[in-house]
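Note sheet for the following structure.
The values are calculated or read from the model by the stated rules, or taken from the named source; none is laboratory data. Being a predicted model, the structure only gives us computed values, none of them experimental. Cβ placement follows ideal geometry from the backbone for every residue including glycine, while neighbour counts extend to all protein chains displayed.
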């Protein structure tokens, strides 16, 4: 345990930040997984592909916020966003 007041405060701040980051990372992963479940299906139906557009937008928003706040790197956000968009486009063409 820290002996100084400032060190104790840093421990409290680090714990809060850790919980906040865990929640944000978990939410980001969940949104990405929602998109991936539709796009990675063997034969996605046209109805399922149409419901994925708002999920893709939510994933892009979540990735952008995570990169902006420093949760993930900017390039990783761009890379994952690009891959998700490509997967959705591929699913759209295969569903038609």
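Are any of the residues in the range 87-96 touching a residue at least 24 places away in the same chain (Cβ under 8 Å) and outside any helix (DSSP H, G or I)?
Yes, there is a match, as at least one residue in the range 87-96 is touching a residue at least 24 places away in the same chain (Cβ under 8 Å) and outside any helix (DSSP H, G or I).
So for the range 22-36 (the condition being in contact (Cβ under 8 Å) with a residue 24 or more places away in the chain and under 30 Å from residue 2 (Cβ atoms)), does at least one residue qualify?
Yes, because at least one residue in the range 22-36 is in contact (Cβ under 8 Å) with a residue 24 or more places away in the chain and under 30 Å from residue 2 (Cβ atoms).
Any residue at all in the range 44-59 that's part of a helix (DSSP H, G or I), at pLDDT 95 or above, within 27 Å of residue 18 (Cβ to Cβ) and out of contact with any strand residue (DSSP E or B) (no Cβ under 6 Å at 6 or more places or on another chain)?
Within the range 44-59, one or more residues are part of a helix (DSSP H, G or I), at pLDDT 95 or above, within 27 Å of residue 18 (Cβ to Cβ) and out of contact with any strand residue (DSSP E or B) (no Cβ under 6 Å at 6 or more places or on another chain).
Here are some residues: 36, 25. Which one is at pLDDT below 95, touching a helix residue (DSSP H, G or I) at 6+ places or on another chain (Cβ under 8 Å) and in a helix (DSSP H, G or I)?
Being at pLDDT below 95, touching a helix residue (DSSP H, G or I) at 6+ places or on another chain (Cβ under 8 Å) and in a helix (DSSP H, G or I) holds for just one of 36, 25, which is 36.
I want to confirm something. Restricting to the range 43-65 and keeping residues that are closer than 13 Å to residue 90 by Cα and crowded, with 17+ Cβ neighbours inside 10 Å, which single residue is farthest from the chain's Cα centre (by Cα)?
Residue satisfying both the conditions and the ranking: 44.
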